[in-house]
Every structure is written in C-alpha cells, then in structure tokens.
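This report concerns only the one structure given below.
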Amino acid sequence: MSDLICDSNVREVYKSLMVNPLVKESLTFIEKENEQTLKEQIELTEIPAPTFQEQVKGLDYKKRLEQLGLEDIHTDEVGNVFGVRRGKGPGPKLVVCAHLDTVFPEGTDVKAQFSDGKVYAPGIADDGRGLAVVLTVLKTFQEYQIETEGDILFGATVGEEGLGDLYGVKAFFSNHHDIDGFISIEPGSPSRVTYLGTGSRRYSVTYRGPGGHSFGEFGLPSAIHACGRAVGIISKLETPDDPKTTFTVGTISGGTSVNTIAAEANMVIDLRSTSQDELKKLENDVLAIIDEAAVEENKRWNSEAMIKVEIKLVGDRPAGTQRSDTQIVQAALASTESVGFEPKLADSSSTDSNVPISLGIPAVTLGGGGEFGGVHTLNEYFDPTDSYYGAQQVFLTVLGLVGMKGVSQPLLEKKN
C-alpha cells in the first residue's frame, strides 16, 4: 500500500493536516452529516435529468450552492453550474464536481425506495452520490471557515453519460483556461483513484444500395453483405494489450425481409484506448475497412447499381494518461490512507476527467463512498453504511491540493 505513495513531501503534508484540530473537527462533521448527505442524494436523484434535459436539476443544484454561500455562481450556455470559493493566497485553482445527467429516459420512475438498508432508485449512485458529496465537502469548508491558499470551483456538469459525449466538461474547458487541477466524483469506494482516461470514437455506419428481390434481381449488391464484409475484417484486427485498445461492433440493423436484397444496413462501432495515438491508429484502420467493404461488394457483382456508405461520428471522448506520481494522484492516495483505506490505482475508465487529462491538466476521479450496484439499470441501489468515508477522502484531497493557510502549502502546482 505505502509503495504507491512515494513522495515524502505528500506524506508530511498529510501528517500535518491530520493532527490539525480544525481538520479533525471537519472530518467528524462529515461523519455526522452522513444522513443529511444521503437526504440530499435522494432529493437530487428524484429530479429527472436525462442527458440533454438537465435544466430542472441544474436550477435546483444552483439554489443549493447559493444556500451554502458560494460566490459567483452561474449556469453556462450548456447547463454546467459552478461557483467559486476563493482562497486567501496565490494558490492554484481546483475544480470539484459531479455530473447532473443520468442514462434514464424521460418518464422513468426515479422515486427512491428503501429495502434492507439500501436505497433503490435509478441514478441514486451514478451520480446522485457524487452530487451530494460535492455539497457536503463545500458545506464543511464553509462550516469551519477553512482558509485555503488556492481557489476551489464547486459545481456540476451536464452531458457526461452516453451520447452526451462529455459535452459539458468540454464546454467548461473551452471557457476556462486558468484551471490547475480537476476532481470529478462518481460512485465508488474511497480506496480507488482513477487517473487514466479511456478515450473512445464511435461511428454509425450506413450502407445503402438499390435493393431488390432476392431471386428476380439476384446479382445486385447488398447493403447487408457489404456491412458483413466490414464486420468480418474488423473482427480480425489486432490491438495492443498495453495501452489497452479495444473495438466492437455493438449493433447491426437492416433489411426488410428474408427474400429481399437489402437496400440499407447500419452498424454502430465503439473504438476505445487509453492512448490517443493508438485510438487514432485503430480509427484509421477501421475507416479504411468500412470503405473497402463497399468497394469489394460492388466488385463482387459488377453491377451499375452501387453500394454507397455514409459514416457518421456519434461519439468522441479523448483519451488521457498521466503519471501515477503526479501530485494530484499522490494527494488522492495519501487521503485514502488517511481515512483508513488501502489506496489503489483504478483501471482506466471514461469520466469527466478524460477532458482535462487530455489537455495536460492534472485530474482524478474519486469515489463518493458507500456500496452500490445495478448502475444504469432500474434496480440501481446505494448502501449508505459508513459512506461518509468517501466525502472525507474527497475533502482531504481537496485541502491538500489547494493548501490550508498557515498549515500547509498547496501540493497542486499553479501553472495558469
């Protein structure tokens, strides 16, 4: 466990923080707030927020930030909600956020139900937990009037899920060029620190041709056959294990009947990698195969009627890597250890942190605490037992990064 934390400076910072009376009181406060944190988690979850329809929840969240005394709160042009808690020194600027949207469509019943000590509701963990923890961490800073060296931007993004394609956090960084570090909060154990971003490129590919009767007009090129040629060749591609790079044809549709030469066929492809270079290489290979499949189908029948292909990009999440010994990662690991958990570097995943990491801005995604399951299903649940540890870990990570006036200097470097 300790070999993950190699920076002696980080160790010393957290030793000084953990013996500070104000920090001790703050951690106790977070534990006592566990029920209130859960209450806000449920209230926020029960406000429907499908991707692209987060406005109502965003307004509610803005009011909660206002009630906690955050400054300069605003909703940007895409729906992100942020405010700032200003530091007392020339320290770095750190973002702490969760995402407003869920994967569930309009009309989904999101009313919370209790059973066997768990709370069941679509979105209760992802990312109801993250949203509530952001508020609890802010409340703790305000309750004890903790003076930091750096500024902290607290808030929530839109469009993190699915076809939202991280558009909220992309817009945020298009408008903010002075950010030195970024923390997103998702459901999960405080022991796991995500510091690598899995990038993805997703394509909807549609082959179109003349179509016809399977017997009477045999000899015309088939859109389904062209699509099948592409799938067959794609399935034979080889990709590296490290950096992990993957592909799949997720859906296929087309044709009208068993005795029809298909006039149209569609497939949706998911390409992923932790390396932007490998992702680009894979993408180039797949796009070439898609075009070649149409050419080969047309050659096969030598018909004047031709198969054509339309390729539409439907997903673009940048990949990102950073060293595990960067200060933001080390601070998160040390905070995990400080609340009594064994720190672990999580596997690469796709979160809001992808965007800052891809831009060279230090970022991590942290777990908000508590057990959970059934994410992205109607049976999603959250177990609040001892879930305060997640909020404590986030609080300590933030405090170490921005520095506590008179106690510790910021671990996060101010570059912007």
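Only one of the listed residues (Lys344, Lys308, Lys280) is in contact (Cβ under 8 Å) with a residue 24 or more places away in the chain, closer than 22 Å to Ser204 by Cα and surrounded by fewer than 17 Cβ atoms within 10 Å (Cβ to Cβ). That residue is Lys308.
Looking only at residues in the stretch 338-372 that are assigned to a loop (DSSP other than H, G, I, E, B) and polar (S, T, N, Q), the one that is nearest to Val23 (Cα to Cα) is Ser353.
Hey, can you tell me all the residues within the stretch 238-275 that are assigned to a strand (DSSP E or B), of a type in the set (Ser, Thr, Tyr) and surrounded by 18 or more Cβ atoms within 10 Å (Cβ to Cβ)? Correct list: Thr245, Ser273.
Filter the stretch 68-104 down to the residues that are at pLDDT 95 or above and loosely packed, with under 11 Cβ neighbours inside 10 Å, then identify the one that is farthest from Val402 (Cα to Cα). Among them, the one singled out is Glu77. Restricted to helices (runs of 4 or more DSSP H) entirely inside the stretch 12-111, those with at least 1 residues that are under 21 Å from the mean Cα position of the chain (by Cα) are 34-45, 55-67.
Rundown of residues vs (1) assigned by TED's automatic domain parsing to the domain that holds Leu17; (2) under 17 Å from Gly197 (Cβ atoms); (3) not aromatic (Phe, Trp, Tyr), yes/no style:
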| position | (1), (2), (3) |
| --- | --- |
| Asp116 | yes, no, yes |
| Val119 | yes, no, yes |
| Arg129 | yes, no, yes |
| Thr140 | yes, no, yes |
| Glu143 | yes, no, yes |
| Phe154 | yes, no, no |
| Glu161 | yes, yes, yes |
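Put simply, of Gln330, Gln322 the only residue that is in contact with a Cys (Cβ under 9 Å, 6 or more places away or on another chain) and not hydrophobic (A, V, I, L, M, F, W, C) is Gln330.
Within the stretch 217-242, count every residue that is small (Gly, Ala, Ser) and either closer than 15 Å to Trp301 by Cβ or not assigned by TED's automatic domain parsing to the domain that holds Asn266 (or both). So the count comes out to 5. The residues of the stretch 276-313 that are of a type in the set (A, V, I, L, M) and either assigned to a loop (DSSP other than H, G, I, E, B) or outside the structural domain of Gly254 (by TED's automatic domain parsing) (or both), listed by number, are Ala305, Met306, Ile307.
Just checking, how many residues over the stretch 311-335 are buried (at least 18 other Cβ atoms within 10 Å of the Cβ) and touching a strand residue (DSSP E or B) at 6+ places or on another chain (Cβ under 7 Å)? Total meeting the criteria: 9.
Yes or no, residue by residue, for (1) within 19 Å of the chain's Cα centre (by Cα); (2) surrounded by 23 or more Cβ atoms within 10 Å (Cβ to Cβ); (3) among the hydroxyl-bearing types (Ser, Thr, Tyr):
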site	(1), (2), (3)
Tyr167	yes, no, yes
Ile179	yes, no, no
Ser189	yes, no, yes
Val193	yes, yes, no
Ser200	yes, no, yes
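Within the span defined as the stretch 346-353, one or more residues are more than 27 Å from His177 (Cα to Cα) and assigned by TED's automatic domain parsing to the domain that holds Tyr389. Among the conditions (1) among the small types (Gly, Ala, Ser); (2) closer than 29 Å to Leu378 by Cα; (3) in the same structural domain as Ala334 (by TED's automatic domain parsing), Gly181 misses just one, which is (2). Annotation: of all residues in the stretch 393-410 being surrounded by 24 or more Cβ atoms within 10 Å (Cβ to Cβ) and in contact with a helix residue (DSSP H, G or I) (Cβ under 6 Å, 6 or more places away or on another chain), the one that is farthest from Pro190 (Cα to Cα) is Pro410.
Selection over the stretch 49-81 of residues that are in contact with a Phe, Trp or Tyr (Cβ under 8 Å, 6 or more places away or on another chain) and over 12 Å from Leu138 (Cα atoms) gives a count of 7.
Hey, Thr140 hits all of (1) within 16 Å of Gly400 (Cα to Cα); (2) part of a loop (DSSP other than H, G, I, E, B); (3) among the polar types (S, T, N, Q) but one; which does it fall short on? In the conditions (1) within 16 Å of Gly400 (Cα to Cα); (2) part of a loop (DSSP other than H, G, I, E, B); (3) among the polar types (S, T, N, Q), Thr140 misses (2) alone.
The values are calculated or read from the model by the stated rules, or taken from the named source; none is laboratory data. The shown structure was predicted, so the numbers you read here are calculated from the model rather than taken from an experiment. Ideal geometry is used to build each Cβ from the backbone, glycine not excepted, and the neighbour counts take in all protein chains shown.
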